Amino acid sequence: MIMRNFFAALFLSFASLTALAGNLETGLDHYQQGRHAEALASFRLAAAEDNVKAFFLLGAMHENGEGTKQDYSEALKWYRKAAERGDTSAQANIGTLFEKGQGVPKSAAAAADWYRKAAEAGNLSAQVNLGVLYFNGHGVERDPVEAYKWLYLADMGGLPVAREKREFVEAHLKPEQLAEAKQRSAAWIEAWTKRAAGSRAN
């Protein structure tokens, strides 16, 4: 099962956004300097300002035990706050917590629900994780065609690990299954493109 997006890379990507300001930006600076306890304190201040990115980062720091003791329940609390505001990385990470039973009772079905929420919104890691669940029949009815669809989408999105997994699933599909999988993928991409166009128009 693919690990969630590399944590440090997320911080670097957040740091590159010009929209970051105040306590969140200070926390990111502290984190990159290895001053995790100070980063955590700054993220808490940013969270008090209702900053969604701060919610996610607090969840990640508690999950990884950076600047504080590792606490999956606390991580889940912050991830939920971010997920409720549409943060797909938080949604995917909640899925992983359920899949592993960290801070919550282990539930492949709940993991699949959270992965699907993030995957439908375009999160590549969630698409891979959901594809693997479909291929193995964990938390969902086994469906290698659906598995291929999600892995194909993640592969087309540029996530390197997705290609190897997609090719593995493809090797287990009959020609008619592969054709159906490609049709499902194309339909999803078409719907996604229309939604994106509608969002830009609004």
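When only Cα pairs under 8 Å and 6 or more residues apart are kept, what is the percent relative contact order across the chain?
Relative contact order of the chain: 12 percent.
What is the sum of charges around Gly67, taking Lys and Arg as +1, Asp and Glu as -1, for the other residues whose C-beta is under 11 Å from the C-beta of Gly67?
Working: positive: Arg35, Arg44, Lys69; negative: Glu38, Glu66.
Every neighbour counted, the sum reads +1.
Once the Cα gyration tensor of the stretch 77-125 is diagonalised, what are the square roots of 5 times its eigenvalues, in whole Å and ordered largest first, as equivalent ellipsoid semi-axes?
Values: eigenvalues 52, 31, 10 Å².
For the stretch 77-125, the semi-axes come out at 16, 12, 7 Å.
In nm, what is the difference between 0.36 nm times the number of residues separating Gln183 and Thr68 and their Cα-Cα distance?
Numbers: separation 115, 0.36 × 115 = 41.40 nm, distance 4.72 nm.
Answer, rounded to one decimal: 36.7 nm.
Taking the dipole about the Cα centre of the stretch 156-202, with the C-beta of Lys and Arg at +1 and of Asp and Glu at -1, give me whichever of Phe168, Ala181, Ser199 is farthest to the positive side.
Of the listed residues, the answer is Ser199.
Tell me the mean residue ellipticity at 222 nm calculated for the chain from its helices only (DSSP H runs of n ≥ 4, each -39500 (n - 2.57), averaged over every residue, nearest 500).
Working: 11 runs with 148 residues, N = 202.
Rounded to the nearest 500, it is -23500 deg cm²/dmol.
Find how much the distance from Arg35 to Lys106 grows on full extension, using 0.36 nm per residue of separation minus their present alpha carbon separation; answer in nm with one decimal. Please report the intermediate quantities before stating the final value.
Details: separation 71, 0.36 × 71 = 25.56 nm, distance 3.29 nm.
Difference between extended and current length: 22.3 nm.
So how long is each side of the chain along the principal axes, counting just the alpha-carbon atoms, biggest first, in Å?
56, 42, 26
With the Cα gyration tensor of the stretch 102-192 in hand, convert its eigenvalues to equivalent ellipsoid semi-axes via √(5λ) and list them largest first in whole Å. Could the numbers behind the result be given before it?
Numbers: eigenvalues 85, 44, 28 Å².
Largest first, the stretch 102-192 gives 21, 15, 12 Å.
How about Lys69: which lysines have a C-alpha closer than 25 Å to its C-alpha, ignoring those fewer than 8 places off in the same chain?
Counting by Cα, and skipping residues close in sequence, Lys69 has these lysines nearby: Lys53, Lys77, Lys81, Lys100, Lys106.
Debye sum, Cα scatterers, the stretch 141-183, no solvent: what log₁₀ I/I(0) at q = 0.20 1/Å?
Evaluating at q = 0.20 Å⁻¹ gives log10 I(q)/I(0) of -0.53.
Can you pull out the GluC sites (Glu not before Pro) in the stretch 42-130 whose DSSP state is coil and whose Cβ has at most 14 other Cβ atoms within 10 Å?
Filter output for the stretch 42-130: Glu49, Glu84.
For Phe168 and Ala197, FRET efficiency with R0 = 41 Å and r from the beta-carbon atoms, rounded to 0.05?
Values: r = 33 Å, r/R0 = 0.81.
FRET efficiency, Ala197 to Phe168: 0.75.
Would you look at the GNM of the chain, springs on alpha carbons closer than 10 Å, and say which of Arg166, Arg85, Arg116 moves the most?
So, out of Arg166, Arg85, Arg116, the one fluctuating most is Arg85.
Name the residue, out of Gly22, Gly139, Gly65, whose mean-square fluctuation peaks in a Gaussian network model built on the chain with Cα pairs under 10 Å.
Result: Gly22 has the largest fluctuation of those listed.
Between Val145, Ser125, Gln102, whose Cα lies farthest towards the positive end of the dipole of the chain when Lys and Arg beta carbons carry +1 and Asp and Glu beta carbons carry -1, centred on the Cα centre?
Val145
Read-outs throughout are calculated quantities, based only on the coordinates presented, and are distinct from any laboratory measurement. All values derive from a computational prediction rather than experimental measurement. Every residue, glycine as well, gets a Cβ built from its backbone with ideal geometry; the counts of neighbours run over all protein chains shown.
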